[in-house]
Structures are given as structure tokens and as C-alpha cells.
Amino acid sequence: MKHADREGFVPGKLWSLWDMLQLKVGRLIELLERLNVEKGWFERTEHEMISAGAGVGPGTATVLYEKSFVKTLLEAVAEIEQIARENSLVSTYQASERTRQFLSQVPVDDPKVEGVRMTAENCGTVFAHLSEIVSRIRDDCRARIYLQMSPDHRALYEPVGPLFGEDVEQKFPIALDDIAEAGKCLAVGQGTATVFHLMRVVEAGLRALAADLSIDYAPSWESYKKKLEKLLDSANHANLTHGQKAKRPFYQDALGDVVAIKTAWRNPTMHIVKSYDVGQAAVIWAATESFMRHIAANLDAPEIAVISTGQAQP
């Protein structure tokens, strides 16, 4: 699902796993606590004014609130509305939108306005609005399942830098989406999905090997294997260029990696023979990272358009 879809909130829309995990739970709790405090102020003010005989009709006594107080409250409600919209918290979104529209009637940005005067009835209305948001947050959150992520896994889910290093990122843009998706899958404990994406990453490295050896691209790993074996056969040594001869040890190591990857990882995964737990996927992640760093350090990637396979990268 593309981020462009988020421009408008559509009640009932289904979000992807990536979107659902972006709910800012910690921030939502902070805002919930703030609303609980603020609604308490309005509730007490309403009761105190009524007890003092202020009444609730037009022309009754008022209490002065600093406009900065109301502005801060409005900003908090607007932030809750945004979080709710981005995460399909339907009830919370609707309640916060109504409250924002109500509070927006107050000219908090007008420099001529020194404060906001409210009657007991006004305070009761604000209290009701804030209470509704608090209730809707609780209802929406009870309907969700939340996944806890350790700091180490967060580094895979939201990396601060290239997961496979700068060299791989610069030389293999075609693999960036799959590297990112593999990291997310590993972070949330999806071992087999991690390996699936890693196999696509490895193929980007194989394309570079094939281009470097003037081998036509073929979707079959077996084709790569056979052509590499033929070109690296001792009988073919005289046909190699000086540069290819100098890199022959590298090619031999790369061929060994291709055979190992194809046999141990790709075939079982693609043919639904084997599943991978997180520990196994982590081992394959390390091996794939090493392979791609090795390829990037020795070869240039061929000219291939970037293929988006998942969440768009910034």
C-alpha cells in the first residue's frame, strides 16, 4: 500500500502490516494522559461555577482561560486526529475531528485576543468532547493487537543507515527494497519471508557477476551456475581477459557461494519444502550481507531499473 493512499482517511480501509506497526503507542498514551488532566480542569471549573450560582445560560458569569492553554489543547487534539487517521482508528478519528473543529472556533492566533472566556456550559461541552476522545482511544486500542519490538530489532525495522553498507546501497539500488523488507520481516519474526527477500537480494549480486563475465541474463539460477562453471573451467582459462584472470579467485569463491545458496536456501524456499525460524534466517541474513558486500567491493552493478517490491524508501 502506497503512502499516497494516506492523504485522506477512509473508514474501514485495510492497512498493511507495515502501516499497522507504525502506531505511535507511546505518544498516544502521553496525549491520552494530557487529555485526562485537561478534561479534569474543565469538569472542576464547571462544577465550581455552578456551585457558585454562575448558571449555564447566556449572559452568565465566565472564567478566563489563557489562549496559550487552549492553543496547546487544540494542538494535542489535532495530533491525536492525525495519528488516528494514519492508523485507521475510526472512532478516535471521528471524535478528535469533531473536537478540533469545535476548539478551532476560538481565535487563539488573534493577537488582539488576550484570553478565552468560557461559561460553565462551555466548560461542560469541552469536558464532554475530551471525555469522548479518551473513551474512543480506549475502545479502538482494545480492538488491536500490538507487537513488542526490542531495540535490536528496531534497528532492522527502522534502520538509521544502509543495512548492507554504503557500497551495496550505491551499487545495487535494485536490491534496496528487498533488503529493507527482509529487515522488517526479520524484526517481526517472519523467518521464511526474510529468506524469500534475501534470495532476491542475492540475485542482484548474481546479475552483476553475469554482466561482468558477459553472460546473458537468465532467470534460472541453474543457468548461472552452468555458465559460470563453463567460463571458469581450466580448459577455458586462455579465453579469459587479463582482468578476468586476475579476479579468478574471486569468481571461484562467488561460484561456490552460488552453489551453496541455491542448494541450501533458494530451492527449498521456492518449492515450499522448508520453513525458516528467526535464528536460521539471521544466519542467512549474515551470509547474504557478506556475499553482497563482497560483490559490491569487486564489481559494478549492471544498468538495471529499480524495481519496487514493497515499502517505498525515503
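The values are calculated or read from the model by the stated rules, or taken from the named source; none is laboratory data. None of these values were measured; they are calculated from a predicted model. Backbone-built Cβ (ideal geometry, glycine too); neighbour counts: all protein chains shown.
The rows are residues; the columns are (1) modelled with pLDDT of 90 or more; (2) under 18 Å from Leu31 (Cβ atoms).
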position	(1), (2)
Thr72	no, yes
Val77	yes, yes
Ser88	no, yes
Asp109	no, no
Ala120	no, no
Phe164	yes, no
Glu169	yes, no
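The lone criterion from (1) surrounded by 13 or more Cβ atoms within 10 Å (Cβ to Cβ); (2) among the small types (Gly, Ala, Ser); (3) over 30 Å from Thr194 (Cβ atoms) left unmet by Ser223 is number (3). What tally of residues in region 187-201 results from selecting those that are surrounded by fewer than 24 Cβ atoms within 10 Å (Cβ to Cβ), part of a helix (DSSP H, G or I) and of a type in the set (A, V, I, L, M)? Count: 3. Restricting attention to region 138-156 and to residues that are crowded, with 17+ Cβ neighbours inside 10 Å and under 25 Å from Met199 (Cβ atoms), the residue that is modelled with the highest pLDDT turns out to be Leu156.
Checked against the criterion of being assigned to a helix (DSSP H, G or I) and surrounded by 15 or more Cβ atoms within 10 Å (Cβ to Cβ), region 157-165 has at least one qualifying residue.
Could you look through region 24-54, keep only residues that are in contact with a helix residue (DSSP H, G or I) (Cβ under 7 Å, 6 or more places away or on another chain) and either among the hydroxyl-bearing types (Ser, Thr, Tyr) or part of a loop (DSSP other than H, G, I, E, B) (or both), and pick out the one that is modelled with the lowest pLDDT? If we take residues in region 24-54 being in contact with a helix residue (DSSP H, G or I) (Cβ under 7 Å, 6 or more places away or on another chain) and either among the hydroxyl-bearing types (Ser, Thr, Tyr) or part of a loop (DSSP other than H, G, I, E, B) (or both), then Ala54 is modelled with the lowest pLDDT.
Quick check on region 87-137: of everything there that is over 20 Å from Glu75 (Cβ atoms) and in contact (Cβ under 8 Å) with a residue 60 or more places away in the chain, which residue is surrounded by the fewest Cβ atoms within 10 Å (Cβ to Cβ)? Only one residue fits best here, namely Glu121.
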